[in-house]
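Written out below as C-alpha coordinates is the structure these notes cover.
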Amino acid sequence: MSPIETLFTRAKLADGSLKDIGVSGGRIISIEPSSAEAPLAESVDLGGALAVPGFVEGHIHLDTSFFGDAWIPHKPCTNGFDVHERVAFQAQNMAQAAPMDVRARNQLDLCIANGSTQMRSHVMVDGSVGLKSLETVLAVREEYRDYIDIQLVAFPQSGILKSAGTPQLMDEAISMGADLVGGLDPASFDRDVEGHLNVVFGVAEKHGVDVDIHLHDGGTLGLFTIEQICARTRALSMQGHVAISHAYGLGDLGGDAAKRAVETIAASGVSIMTNAPGNHAFPPVALLRASGVTVFSGSDNIRDSWWPYGDGDMLGRAMMIGYRSGFYTDDELKAAFDVVTDSGAKALRLEGYGLKIGAKADFVTLKAEHVPEAVVAIPKERSVYKAGRLVARNGAVIRV
(Lines give C-alpha, C1' and ligand atoms only; values in the text may rest on other atoms or scores of the structure.)
Protein backbone atom coordinates (compact mmCIF):
# COMPACT_ATOMS: atom_id res chain seq x y z
CA MET A 1 0.00 0.00 0.00
CA SER A 2 1.23 3.49 -0.83
CA PRO A 3 2.21 5.69 2.11
CA ILE A 4 -0.43 8.14 3.27
CA GLU A 5 0.16 11.63 1.90
CA THR A 6 -2.62 13.37 3.83
CA LEU A 7 -4.53 12.09 6.83
CA PHE A 8 -7.92 13.68 7.47
CA THR A 9 -8.57 13.14 11.17
CA ARG A 10 -11.81 13.12 13.15
CA ALA A 11 -14.20 12.82 10.23
CA LYS A 12 -17.73 11.92 11.32
CA LEU A 13 -19.18 9.41 8.89
CA ALA A 14 -22.86 8.86 8.15
CA ASP A 15 -23.06 6.08 10.75
CA GLY A 16 -21.88 8.50 13.45
CA SER A 17 -18.41 6.99 13.86
CA LEU A 18 -15.28 9.13 14.01
CA LYS A 19 -12.69 8.01 11.47
CA ASP A 20 -9.34 9.07 10.08
CA ILE A 21 -9.25 9.04 6.29
CA GLY A 22 -5.90 8.43 4.63
CA VAL A 23 -5.37 9.79 1.12
CA SER A 24 -2.62 9.15 -1.41
CA GLY A 25 -2.53 10.03 -5.10
CA GLY A 26 -5.97 11.60 -4.84
CA ARG A 27 -7.53 8.32 -3.61
CA ILE A 28 -8.71 7.07 -0.23
CA ILE A 29 -6.34 4.34 0.90
CA SER A 30 -7.41 3.91 4.52
CA ILE A 31 -10.36 4.56 6.82
CA GLU A 32 -9.56 3.80 10.44
CA PRO A 33 -11.05 4.69 13.84
CA SER A 34 -9.78 8.06 14.98
CA SER A 35 -6.69 7.83 17.17
CA ALA A 36 -5.34 10.15 19.83
CA GLU A 37 -1.81 9.46 18.61
CA ALA A 38 -0.03 12.08 16.55
CA PRO A 39 -0.35 11.21 12.85
CA LEU A 40 2.81 10.41 10.90
CA ALA A 41 1.56 12.03 7.68
CA GLU A 42 0.50 15.57 6.91
CA SER A 43 -2.83 15.89 8.67
CA VAL A 44 -6.02 17.93 8.42
CA ASP A 45 -8.22 17.94 11.50
CA LEU A 46 -11.88 17.90 10.40
CA GLY A 47 -12.97 18.50 13.97
CA GLY A 48 -15.84 16.02 14.02
CA ALA A 49 -17.58 17.58 11.03
CA LEU A 50 -19.92 15.33 9.05
CA ALA A 51 -18.03 14.01 6.01
CA VAL A 52 -20.09 12.98 2.98
CA PRO A 53 -19.27 12.16 -0.64
CA GLY A 54 -19.09 15.10 -3.04
CA PHE A 55 -22.50 15.97 -4.46
CA VAL A 56 -23.48 14.83 -7.95
CA GLU A 57 -24.93 17.67 -10.03
CA GLY A 58 -26.66 15.42 -12.53
CA HIS A 59 -28.44 17.90 -14.79
CA ILE A 60 -27.43 21.48 -15.52
CA HIS A 61 -26.94 23.85 -18.47
CA LEU A 62 -23.55 25.57 -18.36
CA ASP A 63 -24.13 27.39 -21.65
CA THR A 64 -27.41 29.14 -20.88
CA SER A 65 -27.19 30.33 -17.25
CA PHE A 66 -27.07 34.06 -16.53
CA PHE A 67 -25.76 33.62 -12.98
CA GLY A 68 -23.28 36.40 -12.24
CA ASP A 69 -24.45 38.36 -15.30
CA ALA A 70 -26.87 41.28 -15.47
CA TRP A 71 -30.35 40.38 -14.19
CA ILE A 72 -32.75 39.44 -16.96
CA PRO A 73 -36.43 39.61 -15.90
CA HIS A 74 -38.37 36.40 -16.48
CA LYS A 75 -40.77 36.49 -19.42
CA PRO A 76 -43.85 34.27 -18.95
CA CYS A 77 -45.22 32.11 -21.74
CA THR A 78 -48.33 33.56 -23.37
CA ASN A 79 -50.57 30.55 -22.73
CA GLY A 80 -49.12 28.16 -20.14
CA PHE A 81 -45.80 26.37 -20.22
CA ASP A 82 -44.58 25.91 -23.80
CA VAL A 83 -41.14 24.53 -24.67
CA HIS A 84 -41.11 26.11 -28.15
CA GLU A 85 -41.80 29.55 -26.71
CA ARG A 86 -39.24 29.18 -23.94
CA VAL A 87 -36.59 28.22 -26.52
CA ALA A 88 -37.43 31.39 -28.47
CA PHE A 89 -37.12 33.52 -25.31
CA GLN A 90 -33.79 31.88 -24.57
CA ALA A 91 -32.42 32.80 -28.01
CA GLN A 92 -33.42 36.43 -27.46
CA ASN A 93 -31.81 36.56 -24.01
CA MET A 94 -28.61 34.82 -25.08
CA ALA A 95 -28.04 37.49 -27.72
CA GLN A 96 -27.58 40.13 -24.99
CA ALA A 97 -25.85 38.01 -22.34
CA ALA A 98 -22.21 38.11 -21.24
CA PRO A 99 -19.77 35.79 -23.08
CA MET A 100 -20.63 32.14 -22.56
CA ASP A 101 -17.27 31.18 -21.06
CA VAL A 102 -17.62 33.87 -18.38
CA ARG A 103 -21.10 32.71 -17.44
CA ALA A 104 -20.08 29.04 -17.46
CA ARG A 105 -17.21 29.78 -15.05
CA ASN A 106 -19.57 31.70 -12.76
CA GLN A 107 -21.93 28.76 -12.63
CA LEU A 108 -19.15 26.23 -12.04
CA ASP A 109 -17.75 28.30 -9.17
CA LEU A 110 -21.23 28.38 -7.63
CA CYS A 111 -21.69 24.61 -7.88
CA ILE A 112 -18.19 23.72 -6.68
CA ALA A 113 -18.45 26.07 -3.72
CA ASN A 114 -21.66 24.31 -2.69
CA GLY A 115 -20.03 20.89 -2.81
CA SER A 116 -20.52 19.40 -6.27
CA THR A 117 -17.51 17.39 -7.38
CA GLN A 118 -19.25 15.62 -10.29
CA MET A 119 -21.50 17.16 -12.95
CA ARG A 120 -23.47 16.38 -16.08
CA SER A 121 -24.21 19.42 -18.23
CA HIS A 122 -26.36 19.56 -21.33
CA VAL A 123 -24.94 21.85 -24.03
CA MET A 124 -26.84 23.09 -27.07
CA VAL A 125 -25.85 21.34 -30.30
CA ASP A 126 -28.28 22.00 -33.15
CA GLY A 127 -28.77 23.99 -36.33
CA SER A 128 -29.27 27.25 -34.42
CA VAL A 129 -25.83 27.33 -32.75
CA GLY A 130 -23.87 24.60 -34.51
CA LEU A 131 -20.93 23.43 -32.40
CA LYS A 132 -19.91 26.84 -31.03
CA SER A 133 -21.44 26.37 -27.58
CA LEU A 134 -19.84 22.95 -27.22
CA GLU A 135 -16.44 24.29 -28.23
CA THR A 136 -16.69 26.98 -25.55
CA VAL A 137 -17.82 24.66 -22.78
CA LEU A 138 -15.21 22.02 -23.69
CA ALA A 139 -12.51 24.65 -23.16
CA VAL A 140 -13.98 25.68 -19.81
CA ARG A 141 -14.23 22.03 -18.75
CA GLU A 142 -10.51 21.66 -19.34
CA GLU A 143 -9.81 24.73 -17.17
CA TYR A 144 -11.76 23.17 -14.29
CA ARG A 145 -10.50 19.60 -14.55
CA ASP A 146 -8.80 19.79 -11.13
CA TYR A 147 -11.95 21.11 -9.44
CA ILE A 148 -14.82 19.06 -10.84
CA ASP A 149 -15.42 16.17 -13.25
CA ILE A 150 -17.88 17.12 -15.99
CA GLN A 151 -19.85 14.99 -18.44
CA LEU A 152 -21.25 16.87 -21.44
CA VAL A 153 -24.44 15.96 -23.29
CA ALA A 154 -24.95 17.03 -26.92
CA PHE A 155 -28.38 18.59 -26.46
CA PRO A 156 -30.63 19.45 -29.46
CA GLN A 157 -32.47 22.36 -27.85
CA SER A 158 -34.06 23.37 -31.17
CA GLY A 159 -35.09 19.83 -32.03
CA ILE A 160 -33.41 17.20 -34.17
CA LEU A 161 -35.69 16.85 -37.18
CA LYS A 162 -36.92 20.46 -37.13
CA SER A 163 -33.40 21.91 -37.04
CA ALA A 164 -31.51 21.40 -40.28
CA GLY A 165 -28.21 19.55 -39.98
CA THR A 166 -28.66 18.59 -36.33
CA PRO A 167 -28.21 14.80 -36.74
CA GLN A 168 -24.79 15.37 -38.34
CA LEU A 169 -23.86 17.97 -35.71
CA MET A 170 -24.70 15.59 -32.87
CA ASP A 171 -22.55 12.92 -34.45
CA GLU A 172 -19.67 15.37 -34.76
CA ALA A 173 -20.20 16.61 -31.19
CA ILE A 174 -19.44 13.15 -29.80
CA SER A 175 -16.26 12.99 -31.87
CA MET A 176 -15.26 16.41 -30.49
CA GLY A 177 -15.53 15.33 -26.87
CA ALA A 178 -19.18 15.34 -25.78
CA ASP A 179 -19.81 12.29 -23.61
CA LEU A 180 -23.49 11.59 -24.21
CA VAL A 181 -26.18 12.18 -26.79
CA GLY A 182 -29.35 13.98 -25.77
CA GLY A 183 -32.86 14.53 -27.03
CA LEU A 184 -35.87 16.78 -26.47
CA ASP A 185 -39.58 15.93 -26.42
CA PRO A 186 -39.64 13.67 -29.50
CA ALA A 187 -43.44 13.84 -29.78
CA SER A 188 -44.36 17.45 -29.04
CA PHE A 189 -41.24 19.18 -30.38
CA ASP A 190 -40.23 17.20 -33.45
CA ARG A 191 -43.66 15.50 -33.71
CA ASP A 192 -41.96 12.24 -34.72
CA VAL A 193 -41.10 9.96 -31.82
CA GLU A 194 -39.53 7.19 -33.89
CA GLY A 195 -37.59 9.54 -36.18
CA HIS A 196 -36.20 11.47 -33.21
CA LEU A 197 -35.20 8.32 -31.32
CA ASN A 198 -33.65 6.83 -34.47
CA VAL A 199 -31.14 9.67 -34.48
CA VAL A 200 -30.50 9.70 -30.72
CA PHE A 201 -29.95 5.96 -30.35
CA GLY A 202 -28.22 5.75 -33.73
CA VAL A 203 -25.54 8.22 -32.66
CA ALA A 204 -25.25 6.53 -29.26
CA GLU A 205 -24.84 3.09 -30.80
CA LYS A 206 -22.30 4.32 -33.36
CA HIS A 207 -20.06 5.92 -30.74
CA GLY A 208 -20.79 3.62 -27.79
CA VAL A 209 -22.01 6.45 -25.55
CA ASP A 210 -24.91 6.89 -23.14
CA VAL A 211 -28.21 8.72 -23.68
CA ASP A 212 -29.97 11.40 -21.62
CA ILE A 213 -33.26 12.71 -23.08
CA HIS A 214 -35.24 15.75 -21.91
CA LEU A 215 -38.92 14.84 -21.66
CA HIS A 216 -41.36 17.54 -20.57
CA ASP A 217 -44.49 16.05 -22.14
CA GLY A 218 -47.15 15.16 -19.60
CA GLY A 219 -49.95 12.63 -19.34
CA THR A 220 -50.38 9.81 -21.80
CA LEU A 221 -48.16 11.48 -24.42
CA GLY A 222 -45.27 11.53 -21.96
CA LEU A 223 -46.01 7.97 -20.90
CA PHE A 224 -46.04 6.74 -24.50
CA THR A 225 -42.66 8.36 -25.14
CA ILE A 226 -41.23 6.81 -21.98
CA GLU A 227 -42.43 3.40 -23.12
CA GLN A 228 -40.78 3.87 -26.50
CA ILE A 229 -37.48 4.95 -24.92
CA CYS A 230 -37.59 1.93 -22.62
CA ALA A 231 -38.29 -0.38 -25.55
CA ARG A 232 -35.30 1.02 -27.48
CA THR A 233 -33.11 0.64 -24.41
CA ARG A 234 -33.98 -3.02 -24.03
CA ALA A 235 -33.71 -3.76 -27.76
CA LEU A 236 -30.17 -2.34 -27.85
CA SER A 237 -29.16 -3.89 -24.50
CA MET A 238 -28.45 -0.40 -23.13
CA GLN A 239 -29.86 -1.03 -19.65
CA GLY A 240 -28.09 1.29 -17.23
CA HIS A 241 -26.92 3.57 -20.04
CA VAL A 242 -30.07 5.65 -20.63
CA ALA A 243 -31.65 8.43 -18.59
CA ILE A 244 -34.86 10.39 -18.98
CA SER A 245 -34.68 13.88 -17.53
CA HIS A 246 -37.81 15.47 -16.02
CA ALA A 247 -40.36 12.83 -17.08
CA TYR A 248 -43.18 15.11 -15.93
CA GLY A 249 -45.76 12.67 -17.29
CA LEU A 250 -45.00 10.18 -14.51
CA GLY A 251 -46.33 12.70 -12.02
CA ASP A 252 -49.67 12.84 -13.86
CA LEU A 253 -50.34 9.13 -13.37
CA GLY A 254 -51.92 7.48 -10.39
CA GLY A 255 -52.71 4.07 -9.00
CA ASP A 256 -52.19 1.09 -11.27
CA ALA A 257 -51.11 3.24 -14.23
CA ALA A 258 -48.21 4.66 -12.23
CA LYS A 259 -47.19 1.21 -10.99
CA ARG A 260 -47.22 -0.25 -14.51
CA ALA A 261 -45.14 2.65 -15.83
CA VAL A 262 -42.61 2.30 -13.03
CA GLU A 263 -42.35 -1.46 -13.62
CA THR A 264 -41.62 -0.79 -17.31
CA ILE A 265 -38.88 1.67 -16.41
CA ALA A 266 -37.37 -0.67 -13.82
CA ALA A 267 -37.29 -3.56 -16.30
CA SER A 268 -35.47 -1.40 -18.87
CA GLY A 269 -32.80 -0.09 -16.49
CA VAL A 270 -33.58 3.53 -17.44
CA SER A 271 -32.71 6.19 -14.85
CA ILE A 272 -34.98 9.12 -14.05
CA MET A 273 -33.74 12.65 -13.30
CA THR A 274 -35.95 15.06 -11.39
CA ASN A 275 -35.25 18.45 -9.88
CA ALA A 276 -38.72 18.57 -8.27
CA PRO A 277 -39.71 21.81 -10.05
CA GLY A 278 -42.19 24.02 -8.26
CA ASN A 279 -44.98 24.32 -10.81
CA HIS A 280 -44.92 20.93 -12.54
CA ALA A 281 -45.97 17.42 -11.70
CA PHE A 282 -42.83 15.37 -11.16
CA PRO A 283 -41.98 11.66 -10.92
CA PRO A 284 -42.97 9.71 -7.78
CA VAL A 285 -39.52 9.38 -6.23
CA ALA A 286 -40.45 6.90 -3.48
CA LEU A 287 -42.37 4.59 -5.83
CA LEU A 288 -39.57 4.62 -8.39
CA ARG A 289 -36.88 3.87 -5.80
CA ALA A 290 -38.95 1.11 -4.20
CA SER A 291 -39.18 -0.56 -7.62
CA GLY A 292 -35.43 -0.41 -8.17
CA VAL A 293 -35.32 2.58 -10.52
CA THR A 294 -32.29 4.85 -10.14
CA VAL A 295 -33.49 8.39 -9.42
CA PHE A 296 -30.99 11.24 -9.57
CA SER A 297 -31.18 15.01 -9.60
CA GLY A 298 -29.70 18.30 -10.74
CA SER A 299 -30.25 22.03 -10.50
CA ASP A 300 -31.38 22.14 -14.14
CA ASN A 301 -31.74 25.83 -14.99
CA ILE A 302 -30.03 28.42 -12.80
CA ARG A 303 -31.26 31.99 -13.29
CA ASP A 304 -31.82 31.68 -17.01
CA SER A 305 -34.64 32.00 -19.55
CA TRP A 306 -36.64 29.16 -18.02
CA TRP A 307 -36.89 30.47 -14.45
CA PRO A 308 -35.13 32.96 -12.16
CA TYR A 309 -34.37 30.48 -9.38
CA GLY A 310 -31.41 28.21 -8.67
CA ASP A 311 -28.45 28.32 -6.30
CA GLY A 312 -26.34 25.36 -7.43
CA ASP A 313 -26.68 23.63 -4.04
CA MET A 314 -27.45 19.94 -4.38
CA LEU A 315 -27.96 19.62 -0.63
CA GLY A 316 -30.72 22.20 -0.98
CA ARG A 317 -32.04 20.20 -3.93
CA ALA A 318 -32.23 17.11 -1.70
CA MET A 319 -34.30 19.13 0.76
CA MET A 320 -36.58 20.27 -2.07
CA ILE A 321 -37.08 16.72 -3.32
CA GLY A 322 -37.86 15.55 0.20
CA TYR A 323 -40.20 18.48 0.85
CA ARG A 324 -42.20 18.00 -2.34
CA SER A 325 -42.24 14.21 -1.94
CA GLY A 326 -43.57 14.34 1.62
CA PHE A 327 -40.43 12.78 3.12
CA TYR A 328 -40.39 13.20 6.91
CA THR A 329 -38.76 10.20 8.57
CA ASP A 330 -34.99 9.86 8.90
CA ASP A 331 -34.97 7.04 6.37
CA GLU A 332 -36.89 9.16 3.88
CA LEU A 333 -34.53 12.10 4.39
CA LYS A 334 -31.60 9.75 3.81
CA ALA A 335 -33.28 8.67 0.57
CA ALA A 336 -33.47 12.29 -0.58
CA PHE A 337 -29.75 12.62 0.18
CA ASP A 338 -29.00 9.43 -1.72
CA VAL A 339 -30.65 10.94 -4.83
CA VAL A 340 -27.96 13.67 -4.96
CA THR A 341 -25.05 11.41 -4.01
CA ASP A 342 -24.86 7.64 -4.55
CA SER A 343 -27.83 7.33 -6.90
CA GLY A 344 -26.48 10.21 -8.93
CA ALA A 345 -23.14 8.42 -9.15
CA LYS A 346 -24.90 5.26 -10.31
CA ALA A 347 -26.91 7.10 -12.98
CA LEU A 348 -23.77 8.84 -14.28
CA ARG A 349 -21.82 5.56 -14.01
CA LEU A 350 -19.05 7.22 -12.05
CA GLU A 351 -15.88 5.33 -11.25
CA GLY A 352 -14.43 5.54 -7.76
CA TYR A 353 -17.26 7.39 -6.06
CA GLY A 354 -17.95 7.41 -2.33
CA LEU A 355 -16.27 7.45 1.04
CA LYS A 356 -14.60 4.05 0.79
CA ILE A 357 -11.15 2.65 0.27
CA GLY A 358 -10.06 2.93 -3.34
CA ALA A 359 -12.49 5.74 -4.16
CA LYS A 360 -11.52 9.23 -5.25
CA ALA A 361 -10.96 11.50 -2.27
CA ASP A 362 -13.84 13.79 -3.25
CA PHE A 363 -15.84 14.76 -0.20
CA VAL A 364 -17.64 17.57 1.62
CA THR A 365 -17.64 18.39 5.32
CA LEU A 366 -20.79 19.81 6.88
CA LYS A 367 -21.72 21.26 10.23
CA ALA A 368 -24.46 18.76 11.01
CA GLU A 369 -24.95 15.87 13.40
CA HIS A 370 -26.07 13.47 10.70
CA VAL A 371 -27.46 13.22 7.16
CA PRO A 372 -31.14 13.83 7.99
CA GLU A 373 -30.24 17.05 9.80
CA ALA A 374 -28.05 18.13 6.89
CA VAL A 375 -30.95 17.67 4.46
CA VAL A 376 -33.36 19.82 6.43
CA ALA A 377 -30.87 22.40 7.77
CA ILE A 378 -28.78 22.82 4.59
CA PRO A 379 -25.77 24.11 6.54
CA LYS A 380 -23.73 26.62 4.56
CA GLU A 381 -20.58 26.14 6.62
CA ARG A 382 -18.88 23.49 4.51
CA SER A 383 -15.53 22.56 3.00
CA VAL A 384 -15.10 20.83 -0.34
CA TYR A 385 -12.24 18.48 -1.20
CA LYS A 386 -11.36 17.22 -4.68
CA ALA A 387 -8.77 14.42 -4.89
CA GLY A 388 -7.92 15.22 -1.28
CA ARG A 389 -7.24 18.89 -1.99
CA LEU A 390 -9.31 21.73 -0.53
CA VAL A 391 -11.06 23.45 -3.45
CA ALA A 392 -13.76 25.48 -1.67
CA ARG A 393 -14.71 26.67 1.77
CA ASN A 394 -17.82 28.46 3.05
CA GLY A 395 -19.09 29.49 -0.35
CA ALA A 396 -15.82 30.44 -2.05
CA VAL A 397 -13.66 28.47 -4.48
CA ILE A 398 -9.99 28.26 -3.48
CA ARG A 399 -7.64 28.71 -6.45
CA VAL A 400 -4.28 27.00 -6.61
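Extension gain for LYS367 to ALA187 (0.36 nm times residue separation, less C-alpha to C-alpha distance): 60.2 nm. Directionally averaged projected area (the range 87-206, Cα convex hull): 7.6 nm². As a size descriptor, the averaged projected area of the C-alpha convex hull of the range 142-231 was calculated at 6.4 nm². Take every Cα pair under 8 Å in the chain that's 6+ residues apart, average their separations, divide by the length, and report that relative contact order as a whole percent. Relative contact order here is 20 percent. Each label point was placed 7 Å from the Cα along the Cα-to-Cβ direction; for LYS206 and ALA257 their separation is 3.8 nm. Give the longest segment of the chain that steers clear of GluC sites (Glu not before Pro) in DSSP loops with at most 12 neighbouring Cβ atoms within 10 Å, not counting the sites themselves. Segment 38-350 is the longest. Under Stokes-Einstein, with the Kirkwood radius over Cα pairs as Rh, the value for the range 148-196 at 25 °C and 0.890 mPa s is 219 µm²/s.
What longest range of the chain stays clear of loop-exposed chymotrypsin sites (Phe, Trp or Tyr not before Pro) (DSSP non-H/G/I/E/B, at most 13 other C-beta within 10 angstrom)? Here the longest run is 72-327. Taken along the Cα-to-beta-carbon direction at a fixed 7 Å, the label points for TRP307 and ILE357 span 4.4 nm.
A simple spin-label model places the labels of ASP15 and LYS380 3.5 nm from each other, with each point 7 Å out along Cα-to-Cβ.
Under 5 Å from the amide H of SER30 lie the amide H atoms of GLY22, each residue being 5 or more positions distant or on a separate chain, with H modelled from the backbone and absent for Pro and chain starts.
Remark: C-alpha extents of the range 18-82 on the principal axes read 67, 24, 24 Å, sorted largest to smallest. Among the lysines, which fall within straight-line cross-link reach of LYS356, defined as a Cα-Cα distance under 27 Å, with same-chain neighbours fewer than 8 residues apart omitted? Once the sequence-local lysines are set aside, what remains near LYS356 is LYS12, LYS19, LYS334, LYS346, LYS367, LYS380, LYS386. The chain has equivalent-ellipsoid semi-axes of 35, 23, 20 Å, by the square roots of 5 times the alpha carbon gyration tensor eigenvalues, sorted largest first. Largest GNM mean-square fluctuation across ASP252, ASP330, ASP300, computed for the chain with C-alpha springs under 10 Å, falls on ASP330. Look at the alpha carbon pairs under 8 Å that are at least 6 residues apart: their mean separation over the length of the range 112-218 gives a relative contact order of 25 percent.
Residue order by solvent-accessible surface for ARG10, ARG260, ARG105 is ARG260, ARG10, ARG105, largest first, with ligands and nucleic acids left out and a 1.4 Å probe. Mean separation of Cα pairs under 8 Å and 6 or more residues apart, divided by the residue count, gives the range 229-329 a relative contact order of 25 percent. Distances longer than 25 Å among the Cα atoms of the range 257-375: what percent of all pairs is that? Percent of Cα pairs beyond 25 Å in the range 257-375: 26. A 1.4 Å probe run over the protein chains yields, for the range 118-233, 33 Å² of accessible area per residue, whole-number rounding.
Build a GNM of the chain with springs between Cα atoms under 10 Å apart, and of ALA361, ALA95, ALA231 the one that fluctuates most is ALA95.
Measuring nothing but alpha carbons in the range 185-334 and taking Rh as the Kirkwood radius, the Rg to Rh ratio lands at 0.96. What is the local net charge at GLU381, summed over the other residues whose Cβ is closer than 12 Å to its Cβ (Lys, Arg +1; Asp, Glu -1)? Combined, the nearby Lys, Arg, Asp and Glu give +4.
The values are calculated or read from the model by the stated rules, or taken from the named source; none is laboratory data. For clarity, every value in this text was computed on a predicted model and none was experimentally measured. Cβ: placed from backbone, ideal geometry, glycine included. Neighbour counts: every protein chain shown. With ligands, DNA and RNA removed, areas are computed over all heavy atoms of the protein, side chains included. Shrake-Rupley method; radii C 1.70, N 1.55, O 1.52, S 1.80 Å.
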